[in-house]
Amino acid sequence: MTTNKTLSSYRMINFIRKFKKSFSLIFENPKIILPFLILAIIDGFALYIIFLAPQYPLAKIFAPPIKKFFGEKFLHFPYIFFLMPKLMQYCAIVLNFFPGIILSAIHVQFVGNIVRKEKLLFWENMLYSFKRIAALIIFWTLTFLITKYSILAVIKTIAILSPASVVFQTLNNYVGWITYFAGFLTQMLFIYSSCVLLINKKGFIDSFVLNFKYLLKLIIPTLFIFILSALAFSGIL
């Protein structure tokens with residue numbers, strides 16, 4: 001019993017040390033946040049474009065689809081403000097696909113550069129990311145589809161319950177939180193695939209297999225980080 005407690009304490013201390021070291025990488029190598037900074041700027045620009053969508057000259061491009069799918073009133077202020085979150089959600093999916101895939105791949109390679117004590121080379125890493133783009137797209141698509149259908153499965157499961165049941169009423173009250181965490185946690189399934197693909201420079205099949213090997217081995221710290229991240233972004237609910 002004492003040995004098990006000692007081992008658990010050692011693992012926890014070791015995990016905390018690695019967690020602190022991960023955060024220290026940002027301060028020691030500030031360039032590592034460059035891909036996220038670029039994506040944030042692109043997201044901000046996209047939001048600005050959506051805001052200007054009803055106005056000339058952008059209205060020539062965006063007004064017809066907005067009118068067709070959402071109604072003419074959303075072409076006028078202040079109604080466009082009610083539509084902006086939904087449009088930005090669709091836009092975020094597109095931007096997370098491209099350039100998000102490439103920028104995330106660059107960030108992963110930055111981590112590899114730091115581990116190997118190499119310079120953080122943005123353009124070289126971007127070029128290699130494009131060379132592995134097919135595998136990256138497959139992993140992104142798998143993650144997207146699993147996340148989407150896991151959320152739909154949660155919603156359908158709640159929907160088939162009797163509205164009068166206590167379980168339905170309880171789950172229905174927290175459906176937003178449940179689907180949010182379900183979607184967030186399913187993204188964990190292929191979290192190590194890009195690391196194996198880009199840092200270890202393995203093929204697609206090897207990356208697929210080793211991803212689950214590392215995930216099972218590191219399931220507790222990975223789960224902890226994902227839950228922590230989910231809580232950090234929970235303010236959007």
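The values are calculated or read from the model by the stated rules, or taken from the named source; none is laboratory data. Worth saying up front: this structure is predicted, and the values here are computed from it rather than measured. Note that we place each Cβ from the backbone using ideal geometry, even for glycine, and neighbour counts take in every protein chain shown.
Show me the helices (runs of 4 or more DSSP H) entirely contained within region 129-237 in which 3 or more residues are more than 16 Å from the chain's Cα centre (by Cα) and free of Cβ contacts under 8 Å to residues at least 60 places away in the same chain.
The helices (runs of 4 or more DSSP H) meeting that bar are 133-159, 166-173, 204-217.
Every residue in region 24-40 that is of a type in the set (S, T, N, Q) and assigned to a helix (DSSP H, G or I), please.
Hit for region 24-40 is Ser24, nothing else.
For residues that are farther than 16 Å from Pro35 by Cα and charged (D, E, K, R), scanning just region 117-143, find the one that is surrounded by the fewest Cβ atoms within 10 Å (Cβ to Cβ).
Lys117
Looking only at region 111-139, filter to residues that are at pLDDT 95 or above and small (Gly, Ala, Ser); which one of those is farthest from Gly203 (Cα to Cα)?
Applying the filter and picking the extreme gives Ser129.
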